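All remarks here apply to the structure that follows.
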Amino acid sequence: MFIGHFGVGFAAKRVDSRPSLGTMFLAAQLLDVLWPVFLLLGIERVRIAPVNDAFLTLHFTYYPFSHSLLASIVWSLLFAFAYYLIRKNMRGSIVLGLLVFSHWILDFLTHIPDLPLYPGSEVKVGLGMWNSTVLTIVVEGFIFVAGAWIYIASTKSKNLRGKLALWGLLLFLGLAYASDLMSPPPPSTEALAIVGIFMWLLVAWAYWIDRNRITKVSS
């Protein structure tokens, strides 16, 4: 799953408005932010299919430290604890920890059985929604649109930048998702990992958006 994780990050702003949207995005995508770094370091491995089959281009052969169930729980607790130490916001810490773990839940829905339960586990899980391109697009698209709508309904722009930055990001994510469906497989795992590291730019973009928007006051 790709844009669905961003949708969950958008929606979480409604639960607690104090963490920045950038922090929400970082939490929701933390596992995928760690994964390309682990790829480049040779800690985890992926095999690229010779042909593009939409969501089944990549075969995740070994990624227990970023995407196993146990690792996801550990990263969730660490992220929540780190945020609490910095901000002393218990509610926000819980929301962010759940956001980190939501990544594994959504991946469990979409991935074929390739998610290990823990490092060294022979048991791998996944409900395989990726086997249906149409179903994946519908479900992920719904999560993204619903989350974006919740964020838009919960905030308002302080200036023109707040509007343009938000709609620019939504357009970019939509185009990137459509392009990924039609693009050929990446030429190498190194190229894939380098592209994945650019996820940090989307996190920075979200911080910029949130600095130019404020939470609407409920009547």
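Remarks
- Accessible-area value, residue 59, 1.4 Å probe, nucleic acids and ligands omitted, Å²: 60 Å²
- Solvent exposure, largest accessible area first (probe 1.4 Å, DNA, RNA and ligands not counted), of 215, 136: 215, 136
- Values of log10 I(q)/I(0), in the order q = 0.15, 0.16, 0.24 Å⁻¹, for the range 1-53 under a Debye, Cα-only, solvent-free model: -0.56, -0.61, -0.89
- Computed per residue of the chain from DSSP H runs no shorter than four, each worth -39500 (n - 2.57), the mean residue ellipticity at 222 nm is -21500 deg cm²/dmol.
- In summary, the helical segments of the chain meeting the span-like criteria, namely a full DSSP H run, a Cα extent along the axis of 20 angstrom or more and a mean Kyte-Doolittle hydropathy of at least -0.5, are 69-87, 90-110, 133-154, 160-182.
- Cα-centred dipole magnitude for the chain, charges only on beta-carbon of K, R (+1) and D, E (-1), debye, nearest 20: 1280 debye
- Relative contact order (percent, whole number), the range 1-106, Cα cutoff 8 Å, 6+ residue spacing: 31 percent
- Derived value for the range 96-200: Kirkwood hydrodynamic radius 16.5 Å. Basis is the mean of 1/r over every pair of different alpha-carbon atoms.
- Percent of Cα-Cα distances greater than 20 Å, calculated over the range 46-168: 60 percent
- Value of Rg to Rh for the range 78-140, rounded to two decimals, is 1.15; Kirkwood radius and Rg both from alpha-carbon coordinates.
- Three-way shape label, the range 156-219, alpha-carbon gyration tensor, a/c 1.5: prolate
- Which labelled figure in [x] 126; [y] 141; [z] 118 is volume of the Cα convex hull per residue in Å³, once derived from the coordinates: [z]
- Mean Cα-pair separation over length for the range 51-159, i.e. relative contact order, pairs under 8 Å, 6 or more apart, %: 25 percent
- Area accessible to solvent at residue 190, 1.4 Å probe radius, in Å²: 100 Å²
- Rg to Rh quotient for the range 105-156, alpha carbon positions, Kirkwood Rh: 1.18
- Each residue was assigned an accessible area with a 1.4 Å probe, and for residue 180 the value is about 100 Å².
- Accessible surface of the range 160-219, 1.4 Å probe, proportion on carbon and sulfur as whole %: 72 percent
- Cross-link pairs 163/216; 13/124; 88/163; 88/156 - those with Cα-Cα distance over 24 Å: 13/124; 88/163; 88/156
- Near residue 115, the amide H atoms lying under 5 Å from its own belong to 125; only residues 5 or more places off or on other chains count, and H is placed 1.01 Å from N.
- Sorting 121, 157 by solvent-accessible area of protein heavy atoms yields 157, 121, largest first, with a 1.4 Å probe.
The values are calculated or read from the model by the stated rules, or taken from the named source; none is laboratory data. Note that the coordinates shown come from a computational prediction; the quantities given were computed from them, not determined experimentally. Neighbour counts run over all protein chains shown; Cβ positions are idealised from the backbone, glycine included. To get the accessible areas, we keep the full protein, side chains included, count just its heavy atoms, and leave off ligands, DNA and RNA. Shrake-Rupley method; radii C 1.70, N 1.55, O 1.52, S 1.80 Å.
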